[in-house]
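Data first, discussion second: the structure below is written as structure tokens.
The values are calculated or read from the model by the stated rules, or taken from the named source; none is laboratory data. Not measured: the values here are computed from a predicted model. So basically every Cβ, Gly included, is an ideal-geometry build from the backbone, and we count neighbours across all protein chains shown. In case anyone asks, the SASA skips ligands and DNA or RNA and just uses the protein heavy atoms, side chains included. Shrake-Rupley method; radii C 1.70, N 1.55, O 1.52, S 1.80 Å.
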Amino acid sequence: MRAKVNIDIANTEKLVGKGVKDSKKTMSQLIGVFKDEEAFKAADQDQVVYEVQAYMPVEEGKKGGLFWGNSMVYPGKVGTEYHMTRGHFHSNLDTGEYYWCLKGEGALIMMDLDRNCWYEEMKPGTLHYIPGNVSHRVANTGYEPLFFNACWPSDAGHDYASIEKEGFAARLFEVDGKPQLIKE
Ligand SMILES: O=P(O)(O)OC[C@H]1O[C@](O)(CO)[C@@H](O)[C@@H]1O
Ligand SMILES: [Fe+2]
């Protein structure tokens, strides 16, 4: 079953097509993200793993504004690793971000510049502050879609390249029915 949260923004009609950006990530767009390559190949490549609806009222890169994201990660695993977002540092490394969990069960996985990794459990109502200089990704550890909001500075930017190159230093797997962060 597909589910979606819609942003109810004042003046939406002025922003649609301009300030609201929808994006979907299918499995085929997540090459190299999951550990188990065989399980990845065997997975349905057209399935949507996560969706983001971003409210961007100012130009990306412009200082002083705030962006808002409505994100949803579908449940599932690749091998025993939970469905998750690609993850990124901010291009403006020292900018922070808030995540706010609305629905479902998940984990916010973070890594600092020394490659120390840790995670925070996400459940309805949990608020997560992601400090600057910390990369972040979200895994769905439950059986239902995980909905969360994100709020980040308009000049933060996304640096996906370092994660593509170096990866996170740890990954979240299901072990004996529970999430466990395992070092690479
Ligand atoms: O950008 P990624 O790593 O694909 O993950 C998506 C998440 O990151 C954000 O784009 C912003 O940090 C969120 O809006 C979204 O939830
Ligand atoms: Fe971010």
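Structural remarks
- Note on the chain: with neighbouring protein chains present and a 1.4 Å probe, carbon and sulfur make up 51 percent of its accessible heavy-atom surface.
- Once backbone amide H atoms are built at 1.01 Å from N, Val134 has His90 as its partners under 5 Å, excluding neighbours fewer than 5 places away on the same chain.
- Dipole-positive endmost among Phe173, Ile31, His158 within the chain (Cβ charges, Cα centre): His158
- Per residue, the chain exposes 54 Å² of accessible surface when a 1.4 Å probe is rolled over the protein heavy atoms with every protein chain present.
- Contact order relative to length of the chain, as percent, for alpha carbon pairs under 8 angstrom and 6 or more apart: 24 percent
- Cα centre as origin, Lys/Arg/Asp/Glu Cβ charges: the chain dipole, Debye: 340 debye
- Counting all C-alpha pairs of the range 81-184, share separated by more than 15 Å (%): 60 percent
- log₁₀ of I(q)/I(0) at q = 0.10, 0.12, 0.17, 0.20 Å⁻¹ - the chain, Debye sum with one point per alpha carbon: -0.38, -0.55, -1.14, -1.57
- Subset of Lys25/Lys123; Lys25/Lys178; Lys35/Lys63; Lys25/Lys103 violating a 31 Å alpha-carbon distance limit: Lys35/Lys63
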